[in-house]
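Below is one structure, written out as C-alpha cells, with a few remarks after it.
Read-outs throughout are calculated quantities, based only on the coordinates presented, and are distinct from any laboratory measurement. Bear in mind the structure is a predicted one, so any value in this text is a computation, not a measurement. In this analysis, Cβ positions are derived from the backbone assuming ideal geometry, glycine residues included, and neighbour counts consider all displayed protein chains.
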Amino acid sequence: MPEIVANAVLPAQRTPITLQTSDGLALVGELAVPLDRAPVSTIVCCHPLPTAGGMMDSHVLRKMAWRLPALADLAIVRFNTRGTTSARGTSEGAFDASDGEGLDLAAALAFVRDAGLPTPWVLGWSFGTDVILRHALAARTEQGLAGAILLSPPLKYSQPADLDAWAESGLPLVALVPELDDYLQPAEAHLRFARVPQAEVIGVDGAKHLWVGERSVSTVLNVVVDHAAPQFAPLPTQWDGPMERWSDL
C-alpha cells in the first residue's frame with residue numbers, strides 16, 4: 001500500500017465555515033469530517049501566534065484535517081482567530097494578545113454544539129495553548145469539554161491561576177513538549193504543570209517548537225488519537241484508498 005507522506009490528503013468532507021463571535025466578528029474556518037460516517041469525537045484547533053505567521057493552515061493543524069477524519073473518524077474544526085489570514089480568508093478584528101481570542105474559541109465551541117458534533121477536545125499550538133488555558137473552561141458549552149491537548153506550550157500569556165482552574169476542573173490536560181523547544185522544555189514543563197495533578201506532560205525527544213518533519217507530525221497525531229479516539233491507535237502509516245497530494249509543500 002502507498003505510504004502516507006507529508007502532503008497526503010485523504011478523503012473527507014471539508015466545508016468552509018464562518019464563526020460569529022459574541023462581540024460581532026466573523027471568523028473564517030473549516031470543518032472536516034469523515035466522508036461516509038459520523039465522527040466519534042471532535043478536535044477544535046487553536047493555531048500558533050498570528051503575528052509570527054500562525055494560522056489555521058499551520059502545518060500540523062492542516063495535516064490533522066487532511067488525515068484524521070479518514071484514519072480515526074475525527075471531526076476537525078480549524079479557524080483563524082481575529083485578524084488572522086490564511087488561504088481560507090481573513091477573520092475580522094485584530095490580534096488581541098490572547099484576550100479577545102477567548103471569544104473566538106467560545107464561538108468555535110458554540111459552533112460544535114450547534115452542529116451536533118460529538119465530544120469536543122480543544123487542541124492548541126504555542127499561542128493557541130495560552131488561549132485554551134485562559135479561556136476554554138469558561139467557553140465550554142452545556143455539552144461539556146472532553147479535555148485539552150497542548151503542543152509546545154510557552155506559558156506566556158497564561159498564569160498560575162489558569163493552571164489552578166484546570167486542576168480544579170479535573171479535565172484531562174495533555175502537554176506535548178519538544179526536547180529542543182525555544183520557550184519551554186520538558187524539565188521546566190514538568191515543574192510548571194505540577195500544580196495540575198491530572199496533567200500529562202510528554203517530552204518528545206529531538207522535536208522542536210514547530211514540529212517540523214514527518215516523525216514529529218506522526219508523534220503529535222498519534223497522541224491526539226490516543227486520547228480522542230483510542231480505538232484507532234496507533235495510526236497506520238499506509239493508506240489503501242484514494243489519496244491526493246497537496247501541491248504547495
Along its three principal axes, how long is region 146-248 when you only count alpha carbons? Whole Å, largest extent first please. 47, 30, 22
Can you tell me the FRET efficiency between Gln238 and Thr85 if r is taken as the Cβ-Cβ distance and R0 is 51 Å, rounded to the nearest 0.05? 0.90
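Dipole magnitude of region 149-232 about its Cα centre, charges +1 at Lys/Arg Cβ and -1 at Asp/Glu Cβ only, in debye to the nearest 20? Kindly include the intermediate steps, with their values, before the conclusion.
Working: 5 positive and 11 negative charges, 14 e Å.
That gives region 149-232 a dipole magnitude of about 60 debye.
Excluding Leu145 itself, what net charge comes from residues whose Cβ is under 15 Å from its Cβ, given Lys and Arg +1 and Asp and Glu -1? Show your work: numbers first, answer last.
Working: positive: Arg113, Arg134, Arg140; negative: Glu142, Asp162, Glu168.
That works out to 0.
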Rounded to the nearest 500, the 222 nm mean residue ellipticity computed for the chain from DSSP H runs (n ≥ 4, each -39500 (n - 2.57)) alone is -9000 deg cm²/dmol
Most positive-pole-ward Cα, Gly100, Gly53, Ala139, against dipole of region 8-245 from beta carbon charges: Gly53
Quick one: putting +1 on the C-beta of Lys and Arg, -1 on the C-beta of Asp and Glu, what dipole do you get for region 8-245 around its Cα centre, in Debye to the nearest 20? 380 debye
Please check the chain for the longest run free of trypsin sites (Lys or Arg not before Pro) that are loop-located per DSSP (anything but H, G, I, E, B) and have at most 15 other Cβ atoms within 10 Å. 38-155
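To the nearest 20 debye, what is the magnitude of the charge dipole of region 132-196 about its Cα centre, counting +1 on the Cβ of each Lys and Arg and -1 on the Cβ of each Asp and Glu? Kindly include the intermediate steps, with their values, before the conclusion.
Values: 5 positive and 8 negative charges, 28 e Å.
Computed charge dipole of region 132-196: roughly 140 debye.
Assuming R0 = 25 Å, can you tell me the calculated FRET efficiency for the pair Ala194 and Arg215, based on Cβ-Cβ distance, to the nearest 0.05? Let's see the in-between values first.
On the way: r = 28 Å, r/R0 = 1.13.
About 0.30, to the nearest 0.05.
What is the antiparallel percent of DSSP beta bridges lying wholly in the chain, to the nearest 5?
On the way: 18 of 42 bridges.
Roughly 45 percent of the DSSP beta bridges within the chain come out antiparallel.
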In the chain, if the dipole is taken from +1 on Lys/Arg beta carbons and -1 on Asp/Glu beta carbons about the Cα centre, which of Val217, Val5, Ile43 is farthest to the positive end? Val5
Note on region 1-119: alpha-carbon gyration tensor, axes a ≥ b ≥ c; rule is a/c under 1.5 for rounded, else prolate if a/b larger than b/c, else oblate; result oblate
Quick one: of the DSSP bridges fully inside region 1-117, what percent are antiparallel, nearest 5? 80 percent
Find how many whole Å separate the alpha carbon centroid of region 188-216 from the alpha carbon centroid of region 131-167. 16 Å
Fluctuation leader among Gln198, Gln185, Gln159 - the chain, Gaussian network, Cα springs under 10 angstrom: Gln159
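Can you tell me how much longer the chain between Gln143 and Ala52 gets when fully stretched, taken as 0.36 nm per residue apart minus their C-alpha distance, in nm with one decimal?
Details: separation 91, 0.36 × 91 = 32.76 nm, distance 3.35 nm.
This chain segment gains 29.4 nm when fully extended.
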Roughly what would the spin-label model give for Gln13 and Asp182, points 7 Å off Cα along C-beta, in nm? 4.0 nm
Compare the Cα positions of Trp246, Pro172, Thr84 along the charge dipole of the chain (+1 at Cβ of Lys, Arg; -1 at Cβ of Asp, Glu; about the Cα centre) and return the one farthest towards the positive end. Trp246
For the chain, what is the Kirkwood hydrodynamic radius in Å, using each pair of distinct C-alpha atoms? 17.9 Å
From the C-alpha coordinates alone, can you work out the Kirkwood hydrodynamic radius of region 38-105, in Å? 12.5 Å
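Tally Lys and Arg at +1 and Asp and Glu at -1 over the other residues with C-beta under 9 Å from the C-beta of Val131: what net charge comes out?
Details: positive: Arg134; negative: Glu101, Asp104, Asp130.
Here the count lands on -2.
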In the neighborhood of Glu30, defined by Cβ-to-Cβ distances under 13 Å, what is the net charge if each Lys or Arg adds +1 and each Asp or Glu adds -1? +3
